[in-house]
Amino acid sequence: MMSGTQGNQLKHETSPYLLQHADNPVHWQAWNAGALDLARRDKKPILLSIGYSACHWCHVMAHESFEDEATAQLMNQLFVNIKVDREERPDLDKIYQSAFHLLTGRSGGWPLTMFLMPDDHAPFFAGTYFPNTPRYNMPTFQDVLRGVAQSFVERRADIQQQNAALLRALEESQSTLDPSVRLTTDPLGKAYEFLERSYDVVQGGFGRAPKFPHPTHLERLLRHDAATPGGDAAEMALHTLRMMARGGINDQLGGGFCRYSVDVTWTIPHFEKMLYDNGPLLSLYCDAWQVSGDSLFRDTALATAAWVMREMQAPDGGYYASLDADTEGEEGKFYVWTPQSVRAVLKDATQYALFARVSGLEGPANFEHQWNLRVSEDLATAAAALHLAPDVAERSLHAARDQLFAAREQRVRPGRDEKIITSWNGLMIKGMAMAGRLFERTDFIHSAAQALAFARHALWKDGRLLASCKDGRAHLPAYLDDYAFLIDAILELLKARWNDAEFNFALQLAEVMLAQFEDRERGGFFFTAHDHERLLLRPKPFHDDALPSGNGIAAHVLVRLGHVLGEVRYLRAAERTLQAAWHDINAAPHACNALLLALDDLLIPGQTIVLRGSAAELPEWQALCAQHYTPKRLCFAIPKDAVLPDALARYAPAPHGAIAYICSGTQCLPPIVELEQLVETVRAAT
């Protein structure tokens, strides 16, 4: 592959986002040694543009500026232009999003537009979207290009001084292990107090528009209620999940959630659908159903899982990354309707009237003179108004949705980013495995198993993971999230059904994670491996963002594996991570839910239950252990003929019948061989 030369060099890349820019007149390069050497040799600053294929404003800026000959000529003349897919290179994205915040005092986003020095790649000017004409109180992109180039020439000393301060600030943001720290459960309560203060009691969720689902916040509320029942924590989470399920952020016809809502009522989403949102949300709706028994949560989980299998799973098993917000250049075009277009499908007047009441078509248009569907009226209320029996109304509404879905399938579909990203697959494998187990859907479990098999076959090479695969080409060294999320997914899949090879794979991943990512001196885990490309900074992220913190999930799975195996190394690594992150946890516990999972499990260990028995005996015993929402319980039902590693040798099958081994942390009960005794023990713990 050519690199570090003039001309657009993106046509050989695997990323759909980079390939979208392969025909731009801009001389784009991918981030590689050749491009970086070119900047250093020509003494030109680097224009670094980071985005992703489903990003609406990335498309806007590309159309306005990167496809424009005059703008491209200016870019080519003044800069070495590097285009990065943030989904393939989250290491670069984390570094330069942090730098953006330090330079501007604002949160970043995409497209991220950074200008870097050619030698050390330190950023000296930062922005996101820039328009091609003056608007939004922003300069034009061409004006920005000229101004930055002039500053690079005329203000080099000032830039170098600024960069030195920026690099110090980035380094100082990395927390350090304090072995004297005494871990306590105080942050668990503080996190709840913050979420309670920021909760929207009317619409659910947190804060103002734009409103994001924040799955980690909702998970914390459900877990808080499980530990300290009687408050409002569960209802805050359940109300939010109800409002989201009924809102326009949830695809009412095809299932799956969009990225976020541009309003406080969850009505109008940013229409892109991301795998990494839907995996955690699928898990949450499973949890919500177990907590409440509300059929809305079950139906939402089932629709989300069906969407994943139908639209997001590759023939060889892996899950695709995302669906675009835009279709034919218009955001949301695939999803929105008018009353006339709905009537053209629903010929029966009563059926149309019912659907129109439930879905908001009788109200004003909510998206550019069209309607994005949401649940505006309860089915029972609409049925009563139309004098329909409840069962008749339910069948009619389901039929209407099926007919409209079939009609929508004939439209031009949104683009699909068919990268298979290891970490995001971990999140979805976990959700699908949980849904399969709780709803007794073997097809969901099979889907999750196929995705894991793809990861083992295509993304595990020479004892290391790769981060991404597209069209059969797997590449890029994996990041911390890839290892941690995949281990977490395997543990959930093993709860659904045992597989010896998968458990051994989880142990292999854990050992590589410790060997290649752990900061043995200062605690915690780096985002990149010890042998990764040297970059401006080696991040060690503790806060959750759109994804749970890799450090938090790493510590969480190590605590769980440590208790299952009796492996002290794992427990100590998790403890060091929490000690290193302790300042961050206490400063903003609500932003560290993944770490709080590990803290909770380490200080107040949950139950580990290992069941051994025949295929005929295990289902009843396993169902008993899974009938309530007990998020801290890890239960494996292992057939008596399984070939287990030496570390699990203590969980031997009984000579006759089934047997249960129950431990809490390092304290274990005598083995249980009577079902009635297991019933009493589980009930007492619950």
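The values are calculated or read from the model by the stated rules, or taken from the named source; none is laboratory data. Bear in mind the structure is a predicted one, so any value in this text is a computation, not a measurement. Don't worry about glycine lacking a Cβ; one is built from the backbone with ideal geometry, like all the others, and counts go over all protein chains shown. The accessibility values were calculated without ligands, DNA or RNA, using every heavy atom of the protein model including side chains. Shrake-Rupley method; radii C 1.70, N 1.55, O 1.52, S 1.80 Å.
What does the charge dipole of the stretch 121-210 about its Cα centre add up to, to the nearest 20 debye, if the Cβ of each Lys and Arg holds +1 and the Cβ of each Asp and Glu holds -1?
Dipole magnitude for the stretch 121-210 comes out near 280 debye.
Could you calculate the FRET efficiency of Gln161 with Ile604 from 1/(1 + (r/R0)^6), where r is the beta carbon distance between them and R0 is 60 Å, rounded to 0.05?
Result of the calculation: an efficiency of 0.75.
Please say if the stretch 601-645 is rounded, prolate or oblate, where rounded means a/c under 1.5 for a ≥ b ≥ c the square roots of the C-alpha gyration tensor eigenvalues, and otherwise the choice is prolate for a/b larger than b/c and oblate otherwise?
Oblate, since a/c reaches 1.5 and b/c is not below a/b.
Could you name the lysines whose alpha carbon sits less than 17 Å from that of Lys640, not counting residues in the same chain fewer than 8 places away?
List returned: Lys495.
How would the stretch 109-218 be classified by its alpha-carbon gyration tensor: rounded, prolate or oblate, with rounded meaning a/c under 1.5 and the a/b versus b/c comparison settling the rest?
oblate
For the stretch 146-193 and the stretch 359-387, compute the distance between their C-alpha centroids and round to whole Å.
The stretch 146-193 and the stretch 359-387 have Cα centres separated by 48 Å.
Which whole-number percent gives the relative contact order of the chain, counting Cα pairs below 8 Å spaced six or more residues apart?
In percent, rounded to a whole number, it is 11.
Let a ≥ b ≥ c be the square roots of the eigenvalues of the Cα gyration tensor of the stretch 263-355; is it rounded (a/c under 1.5), or, if not, prolate (a/b larger than b/c) or oblate?
oblate
Cβ neighbours within 10 Å, averaged per peptide: list 599-610, 553-564 in order, most packed at the top.
Going by the mean number of other Cβ atoms within 10 Å, highest first, we get 553-564, 599-610.
Tell me the label only: which of (1) 31.5; (2) 26.7; (3) 28.4 is Kirkwood radius over Cα pairs in Å as calculated from this structure?
(2)
At what distance in angstrom do the alpha carbon centres of the stretch 237-273 and the stretch 286-344 lie from each other?
First find each Cα centre; the distance between them is then 10 Å.
How far is the Cα center of the stretch 61-123 from the Cα center of the stretch 453-531, in Å?
One Cα centre to the other: 29 Å.
Express in Å², to the nearest 10, the accessible area of Asp500 obtained by rolling a 1.4 Å probe over the protein heavy atoms while all chains stay in place.
Surface open to solvent at Asp500 totals about 40 Å².
Enumerate the lysines that Lys11 could reach by cross-link, defined here as Cα to Cα under 17 Å, with residues fewer than 8 away along the same chain left out.
Excluding near neighbours in sequence, the set is Lys83, Lys419, Lys470.
Of Val291, Val144, which has the most accessible area with a 1.4 Å probe, and how do the rest follow in descending order?
Val291, Val144
Please compute the modelled spin-label separation between Asp378 and Gln340, points set 7 Å along Cα→Cβ, answer in nm with one decimal.
Rounded to a tenth, the inter-label distance reads 3.6 nm.
Among Leu116, Tyr129, Ala99, which residue has its Cα furthest toward the positive end of the charge dipole of the stretch 75-227, with +1 on Lys/Arg Cβ and -1 on Asp/Glu Cβ?
Tyr129
Projecting each Cα onto the charge dipole of the chain (Lys/Arg +1, Asp/Glu -1 at the beta carbon, about the Cα centre), which of Phe355, Met513, Met243 comes out farthest on the positive side?
Met513
Give the ranking of Arg437, Arg650 by solvent-accessible surface, highest area first, calculated with a 1.4 Å probe.
Arg650, Arg437
Normalised by the number of residues in the stretch 476-590, what is the relative contact order in percent for Cα pairs under 8 Å and 6+ residues apart?
Across the stretch 476-590, relative contact order equals 26 percent.
Which net charge results for the neighbourhood of Glu193, defined as the other residues with beta-carbon distances under 13 angstrom from its beta-carbon, given Lys and Arg at +1 and Asp and Glu at -1?
Charge balance in the 13 Å sphere: 0.
Is there a quick way to get the dipole size of the chain? I mean about its Cα centre, with the Cβ of Lys and Arg at +1 and of Asp and Glu at -1; what is the value in debye to the nearest 20?
Dipole size: approximately 420 debye.
Using label points projected 7 Å from each Cα along Cα→Cβ, tell me how many nm separate Asn586 and His457, to one decimal.
Result: 5.1 nm between the two label points.
Could I have the simple spin-label model distance between Thr228 and Glu196, label points 7 Å from Cα toward Cβ, reported in nm to one decimal?
Computed distance between label sites Thr228 and Glu196 equals 0.7 nm.
Where does each of 656-667, 108-119, 164-175 land if you order them by average Cβ count within 10 Å, highest first?
Highest-to-lowest ranking by the protection proxy: 108-119, 656-667, 164-175.
Within the stretch 255-353, list the GluC sites (Glu not before Pro) lying in a DSSP loop whose Cβ has at most 11 other Cβ atoms in a 10 Å radius.
Of the GluC sites (Glu not before Pro), the ones in loops of the stretch 255-353 whose Cβ has at most 11 other Cβ atoms within 10 Å are Glu328.
Once Lys and Arg get +1 and Asp and Glu get -1 on their Cβ, which of Gln29, Gly606, Pro390 lies farthest toward the positive end of the dipole of the chain?
Gln29
Relative contact order of the stretch 397-497, please, whole-number percent, based on alpha carbon pairs below 8 angstrom and at least 6 residues apart.
Answer for the stretch 397-497 is 34 percent.
Can you send over the solvent-accessible area of Lys11, 1.4 Å probe, protein chains only, in Å² to the nearest 10?
Solvent-accessible area, nearest 10 Å²: 140 Å².
Compute the signed sum of charges (Lys and Arg +1, Asp and Glu -1) over the other residues within less than 11 Å, Cβ to Cβ, of Leu221.
Result for the neighbourhood of Leu221: -4.
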